[in-house]
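K.L.:
Before I ask anything, here is the structure I am working with.
The values are calculated or read from the model by the stated rules, or taken from the named source; none is laboratory data. All values derive from a computational prediction rather than experimental measurement. With ideal geometry, Cβ positions are generated from the backbone for all residues, glycine too; neighbour counts draw on all protein chains shown. SASA here: full protein model, heavy atoms, side chains in, ligands and nucleic acids out. Shrake-Rupley method; radii C 1.70, N 1.55, O 1.52, S 1.80 Å.
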Amino acid sequence: MRKSLVVLSLMVLIYGVWAQSSRRQVSAAAVHFAPAAIVAFQKIDAERIRGHVRFLSHDLLEGRGTGQRGGDIAAEYIASQFSQYGLKPAGDQGAYMQKVPMVGITSARETTFSFVPAGGSARELKPLTDYVAYDETQQAESTVNADIVYVGYGVEAPEYGWDDYKGVDVKGKILLMLVNEPTSDDPNFFKGRTLTYYGRWMYKYEEAARKGAVGAILIHKTDMASYPWEVVRNSNSGEKSYLKLDSSPKLKVASWIHLDAARGLAAAAGMDLDKMMSDARSRDFHPATLPVKLQAHVVSKIRAFESNNVIAMLPGSDPKMRAEAVMYTAHYDHLGIRPEMPGDNIYNGADDNATGCGILLELAHAFSGAAQQPRRSILFAAVTAEEQGLLGSEYLGKHPPVPAGKIALDLNYDDIPPLGSPEEVEVSGSERTTFYPTVQALAAEFRLTIRPDAHPEAGHYYRSDHFSLARIGVPAFSINEGIKYKGHDAAWGMEKANEYTEKHYHQPSDEYHPEMDFTGDGVMARFGFALGWQAASLPKVVGWEKGDEFEAARIKSGSN
Ligand SMILES: [Zn+2]
């Protein structure tokens, strides 16, 4: 075939496919793509995503635990794919791997955790049933015997005129606190129903340690945490990983207790838990010292090890702009294997997050196969230890392959349900960036309705790896399906989502099944490809909207 004929028939094909899948109700300028981009993204194949998920969630990978063999095999698999696609290594010194120094801490059987009322007898709590506890100071043994001070939500937020501590000295104390944050519908007060970072357990531990407390006890309540006790138990049992100790203050006892144990504690203190909870909702709340001490002896097995982020780069086509990059992220770790557990003890993590890895790899495949590259470079980062508290991405944020100010945008994938053909997309957080008009235009092109965060109170924005990039100022958000799928009503999608949360999320039953339909994972990959290509081509890097909580970090990073 003559060249001109090839070009012509290709253009007809492209136009046909493109026009079919779009309603031209948005300006053409917003969605202009090089033909090479369109060809490349049309080649994105949901069945290749399935193939990656099938392998990564296989029992042989033993749940891809951080610091476990299965996790390392997953990292090698991803690096091998990057290498097959001809991508440049962007980890440590010419390697795909970026070493992440960590310690694994296992709370030993000798650990004890008791509430001792003044003048009463000690009540020892049962591990996993009543409480979970870790020693963040990375010592083999820590002992505490200290007063318990109830600090409500444990939040000090000057911008909302809120201070649970009221200047009370909590040095050497154990702080008892509620999860979440004061609720209201006022968008100017802790962003209304939307959970802010203040509502996250990470913040509460950090703040307690900054104030000199030796321990913190979080009271679990399903509706307030937005996940059941099993999630707390499974994420806090067995070995738990931390980034190798840095200079920031840490707690000797970082713990959660079951709601029933909290009721017991309140009763032992002669207090009423419901009243304590309602007191905390007032601005006038004042910390209260309970007539109960926590006596805890935390014995830990400590294992230093390295895990890896896997990072690859596709250089951009513009000699100047290629110093900047668009980044894609997805965590490859899950909860691993629990050899001591009877029955199925492998946390395969098929949905969470073999799906995101499959999409990341298919994106890498599509970009590297394109006949022409966008102007900026593209980074692909499969990160470790997300389930341990976003540790791999935190390390990536502290050691980015390209300076934070030169990362135009981060697009993250975490847990993309293989349920069929989506009619909605969730891109929560994108509305806070200067990129939002492009997101809207492309969603319209893909005939995807942007679904507002169904549970803004759950704080999903702070619960996946894009948040680690946002903390260093990079505009970042996750891409996921909504709940409306072709051929079903929204109630069906909601039912599926609830069923997953209750029965499979962070449980060994999050497994691959051949009848899974990866159509939606393919659509999310194509949509993300289009977004990334645009962000890599626009004259300016993306920024946060004025007044956003991450704007200051963006400016500090030297982004223009
Ligand atoms: Zn996940």
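K.L.:
With the full set of protein chains in place, find how many percent of the accessible area of the chain is carbon and sulfur; take the probe as 1.4 Å.
P.N.:
54 percent
K.L.:
Once you have all Cα-Cα distances for the stretch 187-298, histogram them in 10 Å bins from zero and send the whole-percent values.
P.N.:
With 10 Å bins starting at 0, P(r) equals 11, 38, 39, 12, 0.
K.L.:
Mind giving me the FRET efficiency for residue 171 and residue 110? R0 is 41 Å, r the Cβ-Cβ distance, nearest 0.05 is fine.
P.N.:
Details: r = 27 Å, r/R0 = 0.67.
The value I calculate is 0.90.
K.L.:
Treating only the Cα positions of the stretch 342-440 as identical point scatterers, give the base-10 log of I(q)/I(0) from the Debye formula at each q in 0.12, 0.23 Å⁻¹.
P.N.:
Each listed q corresponds, in turn, to -0.54, -1.56.
K.L.:
Here is a further query. Principal axis extents for the stretch 383-486, Cα atoms only, whole Å, descending order, please.
P.N.:
Between the extreme Cα coordinates on each principal axis of the stretch 383-486 lie 41, 29, 24 Å.
K.L.:
Might you work out the accessible area of residue 278 for me, using a 1.4 Å probe with all protein chains in place, and round it to the nearest 10 Å²?
P.N.:
Roll a 1.4 Å probe over it and residue 278 shows about 50 Å².
K.L.:
Still on this structure, I have one more. Using per-residue counts of other Cβ atoms within 10 Å, averaged over each peptide, order 478-484, 427-433 from highest down.
P.N.:
With the highest mean Cβ count within 10 Å placed first, the list reads 478-484, 427-433.
K.L.:
How far apart, in nm, are two points set 7 Å out from the Cα along the Cα-to-Cβ line at residue 317 and at residue 289?
P.N.:
So the label points at residue 317 and residue 289 sit 6.9 nm apart.
K.L.:
Then there's this: What percent of all Cα-Cα pairs in the stretch 486-551 falls into each 10 Å bin, going from 0 up to the bin containing the maximum distance?
P.N.:
So the P(r) values, bin by bin, are 15, 26, 27, 27, 5.
K.L.:
Nearest 20 debye, what's the magnitude of the dipole of the chain about its Cα centre given +1 on Lys and Arg Cβ and -1 on Asp and Glu Cβ?
P.N.:
The calculation lands at about 1680 debye.
K.L.:
Rounded, prolate or oblate: which fits the stretch 88-160, taking a ≥ b ≥ c as square roots of the Cα gyration tensor eigenvalues, rounded meaning a/c under 1.5, else prolate when a/b beats b/c? Don't skip to the answer; put the middle values down first.
P.N.:
Values: a/c = 3.55, a/b = 1.76, b/c = 2.01.
In terms of gyration-tensor shape, oblate.
K.L.:
Sticking with this one: Given the Cα atoms of the stretch 426-560, and with Rh set as the inverse mean 1/r over their pairs in the Kirkwood sense, what is Rg to Rh to two decimals?
P.N.:
1.00
K.L.:
7 Å from Cα along Cα→Cβ at both residue 126 and residue 486: what's the point-to-point distance in nm?
P.N.:
5.0 nm
K.L.:
With a 1.4 Å probe and all protein chains left in place, how much accessible area per residue does the chain have, in Å²? Let's see the in-between values first.
P.N.:
Numbers: 22880 Å² over 560 residues.
Value returned for the chain: 41 Å² of accessible area per residue.
K.L.:
Also: Restricting to bridges with both residues inside the stretch 380-504, how much of the DSSP beta-bridge set is antiparallel, in percent to the nearest 5?
P.N.:
40 percent
K.L.:
Can you tell me the dipole magnitude for the stretch 414-530 around its Cα centre, using point charges on the Cβ only (Lys, Arg +1; Asp, Glu -1), in Debye to the nearest 20?
P.N.:
Charge dipole, the stretch 414-530, about its Cα centre: 440 debye, nearest 20.
K.L.:
Here's another thing I want to ask about it. Percent relative contact order of the chain, based on C-alpha pairs within less than 8 angstrom and at least six residues apart?
P.N.:
Once normalised by length, the contact order is 21 percent.
K.L.:
Go through 251, 205, 327 and say which Cα lies farthest out towards the positive end of the charge dipole of the chain; charges sit on Cβ, +1 for Lys and Arg, -1 for Asp and Glu.
P.N.:
About the Cα centre, the residue reaching furthest to the positive side is 327.
K.L.:
Output the 0 to 90 degree angle, nearest 10, between the alpha-carbon long axis of helix 69-84 and the longest principal axis computed from the alpha carbons of the chain.
P.N.:
Result, in degrees: 20.
K.L.:
What is the sum of charges around residue 286, taking Lys and Arg as +1, Asp and Glu as -1, for the other residues whose C-beta is under 12 Å from the C-beta of residue 286?
P.N.:
So the surrounding residues net to -2.
K.L.:
Largest first, please: the extent of the C-alpha atoms of the stretch 23-160 along each principal axis, to the nearest Å.
P.N.:
Sorted largest first, the three principal extents are 78, 44, 32 Å.
K.L.:
Compute the helix-to-body angle for 519-535: its Cα long axis versus the longest principal axis of the chain, expressed 0 to 90° and rounded to tens.
P.N.:
80 degrees
K.L.:
Kirkwood hydrodynamic radius, computed over distinct alpha-carbon pairs, for the chain: how many Å, to one decimal?
P.N.:
24.6 Å
K.L.:
Describe numerically, in nm with one decimal, the distance between label points set 7 Å from Cα along Cα→Cβ at residue 95 and at residue 282.
P.N.:
5.8 nm
K.L.:
Are any of the pairs 43/320; 173/204; 171/250; 204/252; 320/540; 126/250 more than 18 Å apart by Cα-Cα distance, and if so, which?
P.N.:
Check vs 18 Å cut-off fails for 43/320; 126/250.
K.L.:
Next question. Counting other Cβ atoms within 10 Å of each Cβ, which trypsin sites (Lys or Arg not before Pro) in the stretch 294-369 have at most 11 and sit in a DSSP loop?
P.N.:
Counting only loop positions with at most 11 other Cβ atoms within 10 Å, the trypsin sites (Lys or Arg not before Pro) in the stretch 294-369 are 320.
K.L.:
If you take every DSSP beta bridge fully contained in the chain, what fraction is antiparallel? Give it as a percent rounded to 5.
P.N.:
60 percent
K.L.:
Give me the Debye-computed log₁₀ of I(q)/I(0) at q = 0.20 Å⁻¹ for the stretch 122-261, equal point scatterers on Cα only, no solvent, two decimals.
P.N.:
-1.32
K.L.:
Moving to a separate point now. Restricting to the stretch 46-186, compute how many DSSP beta bridges are antiparallel as a %, nearest 5.
P.N.:
Within the stretch 46-186, antiparallel bridges account for around 50 percent of the total.
K.L.:
How much length, in nm to one decimal, is gained on full extension between residue 185 and residue 42, taken as 0.36 nm per residue of separation minus their Cα-Cα distance? Could the numbers behind the result be given before it?
P.N.:
Numbers: separation 143, 0.36 × 143 = 51.48 nm, distance 4.27 nm.
Between residue 185 and residue 42, full extension yields 47.2 nm more.
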